[in-house]
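> Please read through the structure below; I'll follow up with questions.
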Amino acid sequence: MSDDHTHVQEFFTARAADWDRRFPDDGPAYAAAVAELGLREGGRVLDAGCGTGRALPALRGAVGRSGVVLGADLTPAMLREAARAGRDRDGALLLTDVARLPLRSSSLDAVFAAGLIAHLPQPGENLREIRRVVRPGGVLALFHPVGRAALAARQGRRLTPDDLRAEPNLRALLTGAGWRMTSYVDEDTRYLALAVRDA
């Protein structure tokens with residue numbers, strides 16, 4: 001887990017230009033995860049830690065042209081790649097820290113966060129900030145296009161009991177931040193935890 005924004009920016013800046021080429025087949029997994037959010041026409045959604053904006057087309061498709069789609073990321077190089085790929089047509093890109101979102105309280109219906117949780121310096125506090133901008137009953141999706149075991153193998157590490165994304169650890173973290181986990185899937189082909197903001 002990162003404890004420093006500079007480290008996160010350096011990590012993603014070095015990989016931004018090749019990011020989409022490294023993971024060319026993730027589109028269907030992103031679309032399927034977005035579908036599980038249950039967004040409606042005219043909805044308001046944030047892709048937190050959007051990177052190159054791979055979820056933005058699916059999010060735009062879910063809320064339609066009357067909806068609001070935002071993509072927020074801490075790394076300018078990732079947002080430049082999102083714009084270069086034309087994904088800024090599907091959502092407004094914001095250079096910002098998810099720990100201090102420049103959004104009104106209760107202004108969103110949902111937040112989609114792919115691969116974000118491992119990069120949050122203070123996960124509990126950061127999930128509370130995300131909760132702040134979501135309306136009561138709104139949804140949070142924590143997603144990764146591969147499961148925990150497959151990701152660990154890809155990164156050359158072993159899973160440990162303190163893994164933040166493990167179901168009991170994540171459930172406790174979400175509960176402490178004012179979310180109620182409603183579903184949890186950890187398979188080779190995807191990781192998706194859905195939570196609802198309590199009132």
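The values are calculated or read from the model by the stated rules, or taken from the named source; none is laboratory data. Note that the structure is a prediction, hence the values are computed from the model and not measured. Quick reminder, even Gly has a Cβ in these numbers, built from the backbone with ideal geometry, and neighbours come from all protein chains shown. Keep in mind that these areas ignore ligands, DNA and RNA; they rest on the heavy atoms of the full protein, side chains included. Shrake-Rupley method; radii C 1.70, N 1.55, O 1.52, S 1.80 Å.
> How far apart, in nm, are two points set 7 Å out from the Cα along the Cα-to-Cβ line at Arg128 and at Ala166?
Rounded to a tenth, the inter-label distance reads 2.5 nm.
> Roughly how many Å is it from the Cα centre of the stretch 178-199 to that of the stretch 33-52, as a whole number?
Here the answer is 14 Å between Cα centres.
> Would you mind putting 39-51, 74-86 in packing order, based on average other-beta-carbon counts within 10 Å, highest first?
39-51, 74-86
> Given a 1.4 angstrom probe, what's the average accessible area per residue across the chain, in square angstrom?
It amounts to 47 Å² per residue over the chain.
> Out of Ala110, Ala55, Ala166, any idea which swings most in a Gaussian network model of the chain, alpha carbons joined below 10 Å?
Among Ala110, Ala55, Ala166, the largest mean-square fluctuation in the Gaussian network model of the chain belongs to Ala166.
> For Cα extents along the principal axes in Å, the listed values are (1) 60, 44, 29; (2) 46, 42, 26; (3) 44, 40, 30; which was obtained by calculation from the structure presented?
Computed from these coordinates, Cα extents along the principal axes in Å corresponds to label (3).
> Taking every DSSP beta bridge that has both residues in the chain, what percent is antiparallel when rounded to the nearest 5?
45 percent
> Taking 35 Å as R0, compute the FRET efficiency from the Cβ-Cβ separation of Arg84 and Arg154 and round it to 0.05.
0.85
> Would you compute, from DSSP H runs of 4+ residues alone, the mean residue ellipticity of the chain at 222 nm, taking -39500 (n - 2.57) per run and dividing by the full residue count, rounded to the nearest 500?
Helix-only estimate at 222 nm: -9500 deg cm²/dmol.
> Carbon-plus-sulfur fraction of the accessible area of the chain, 1.4 Å probe, in percent?
51 percent
> Given R₀ = 22 Å, FRET efficiency for Phe23-Ser106 by Cβ-Cβ distance, to 0.05?
0.10
> Of Leu94, Leu101, Leu159, which has the most accessible area with a 1.4 Å probe, and how do the rest follow in descending order?
From most exposed to least exposed: Leu159, Leu94, Leu101.
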